[in-house]
Ligand code: CP3
């Protein structure tokens with residue numbers, strides 16, 4: 001496996017830029033909805049290697065993206081650690097909020113690995129079915145984002161998770177460290193099963209005071225990166241701290257990631273100016289950051305959105321992507337046009 005996506009993650013500019021979309025296997029695709037309707041619930045779907053393989057391949061077949069992303073979810077980790085996780089139609093994920101005294105009862109990494117066996121089986125099957133030149137991305141949620149779901153029972157406003165952290169600093173460190181250690185073995189297993197790149201989703205990085213960002217976002221991500229490298233995993237790692245804003249200052253240097261995902265509210269140029277240097281001296285790779293709503297409207301909005309992103313990434317190692325996941329109301333015809341526009345590179 002080689003190709004533009006991995007070149008960019010190695011710090012080399014590629015033109016036209018490699019392209020994939022967050023949530024590319026998702027409800028905007030009729031063929032996804034068909035497979036989804038065969039599973040009893042969303043977690044069963046994630047734990048079915050056959051179904052996960054099928055939906056991972058769908059957007060590759062239809063659009064020819066330059067990378068595939070494993071169909072799974074960031075919340076399989078708390079599920080495997082023994083927390084109750086469910087997905088309510090139209091409401092998103094719901095968890096049983098964790099109590100302070102329950103943190104130390106979370107299942108250890110060996111148990112997590114054993115319970116997530118079907119995920120690694122899916123990675124193996126997908127790697128076997130994908131064309132050799134298409135890299136496969138494995139992923140996990142970053143500790144702060146997953147902890148937020150565990151503490152609040154849902155996403156949204158991070159007031160409850162911040163209060164939990166301020167009131168129980170020792171338990172918060174323990175929770176973040178446990179999640180980081182589970183994430184290390186989870187990502188390592190995906191890499192061993194055939195994932196060619198790894199992405200850490202920090203979806204709830206927004207609105208944190210700079211000192212808290214260092215403690216809850218940077219330090220746990222650093223722990224994951226160091227843990228993987230210590231175990232000999234050399235797979236490139238992308239961190240995506242959505243909404244980080246000026247907290248992106250030296251994010252690459254401080255966490256050790258190879259690439260950084262950029263959200264819709266951040267200019268790629270400004271982000272690159274402050275991200276800092278990679279430990280290996282290569283240029284930091286960036287990824288993003290087009291507004292997914294342009295795939296709902298299409299037309300001139302989409303053309304302008306593609307041009308605006310392309311104009312920012314000449315001569316720099318960048319993976320074309322969205323600044324957030326594609327939404328269920330996006331039109332697959334707009335996605336096909338989007339791929340053509342990016343590939344034409346103008
Ligand atoms: O195509 C891909 O991107 C790969 C699969 C993937 C899913 N979730 C499938 C999914 C990935 C990489 C994720 C990551 C994920 N999951 C994140 C981080 C990225 C982000 O969106 O910020 C988060 C926060 C979650 C938690 C989660 N899972 C939420 C908030 C939801 C509901 C959102 C919604 O759109 O309803 C899910 C469910 C989910 N995970 C869906 C998919 C395709 C939709 C549910 C369905 O099909 O019924």
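Tabulated data
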item: Any hit, the stretch 195-210, residues being more than 14 Å from the ligand (Cβ to nearest atom) and part of a helix (DSSP H, G or I); result: yes
item: Residue check for residue 57: within 15 Å of residue 27 (Cβ to Cβ), in contact with a helix residue (DSSP H, G or I) (Cβ under 9 Å, 6 or more places away or on another chain) and more than 10 Å from the ligand (Cβ to nearest atom); result: no
item: Condition met for residue 104 (closer than 27 Å to residue 284 by Cβ and either in a helix (DSSP H, G or I) or more than 9 Å from the ligand (Cβ to nearest atom) (or both)); result: no
item: From the options 29, 9, residue that is more than 21 Å from residue 140 (Cα to Cα) and surrounded by 18 or more Cβ atoms within 10 Å (Cβ to Cβ); result: 29
item: Some residue of the stretch 225-232 being within 16 Å of the ligand (Cβ to nearest atom) and in contact (Cβ under 8 Å) with a residue 24 or more places away in the chain; result: no
item: Strands (runs of 3 or more DSSP E) enclosed by the stretch 236-291 - at least 1 residues per element that are at positive phi; result: 285-290
item: Any chance residue 185 is surrounded by 22 or more Cβ atoms within 10 Å (Cβ to Cβ) and either within 16 Å of residue 77 (Cβ to Cβ) or without any contact (Cβ under 8 Å) to a residue 24 or more places away in the chain (or both); result: no
item: Pairs with Cβ under 8 Å, 6+ apart, first in the stretch 325-338 and closer than 15 Å to residue 306 by Cα and without any contact (Cβ under 8 Å) to a residue 60 or more places away in the chain, second outside any helix (DSSP H, G or I) and more than 13 Å from the ligand (Cβ to nearest atom); result: 334/298; 337/298
item: Within the stretch 155-195, tally of residues that are under 29 Å from residue 68 (Cα atoms) and at pLDDT below 95; result: 2
item: Test for residue 121: is it more than 15 Å from the ligand (Cβ to nearest atom), modelled with pLDDT of 95 or more, under 26 Å from residue 57 (Cβ atoms) and crowded, with 17+ Cβ neighbours inside 10 Å; result: yes
item: Some residue of the stretch 155-166 being in contact (Cβ under 8 Å) with a residue 12 or more places away in the chain, within 18 Å of the chain's Cα centre (by Cα) and within 13 Å of the ligand (Cβ to nearest atom); result: yes
item: Count of the stretch 77-100 residues which are within 23 Å of residue 185 (Cα to Cα) and part of a helix (DSSP H, G or I); result: 4
item: In the stretch 307-333, the residues that are more than 16 Å from the ligand (Cβ to nearest atom) and assigned to a helix (DSSP H, G or I); result: 307, 308, 309, 310, 311, 312, 333
item: Qualifying helices (runs of 4 or more DSSP H) (wholly inside the stretch 1-76; at least 3 residues being under 16 Å from residue 238 (Cβ atoms)); result: 4-9
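Every residue, every condition in (1) under 23 Å from residue 252 (Cβ atoms); (2) crowded, with 16+ Cβ neighbours inside 10 Å; (3) within 16 Å of the ligand (Cβ to nearest atom); (4) modelled with pLDDT under 95, yes or no:
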| position | (1), (2), (3), (4) |
| --- | --- |
| 269 | yes, no, no, no |
| 274 | yes, no, no, no |
| 284 | yes, yes, no, no |
| 296 | no, yes, yes, no |
| 340 | no, no, no, no |
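The values are calculated or read from the model by the stated rules, or taken from the named source; none is laboratory data. This is a predicted model, so every value here is computed, not measured. As a convention, Cβ positions derive from the backbone with ideal geometry for all residues, glycine included, and neighbour counts pool all protein chains shown.
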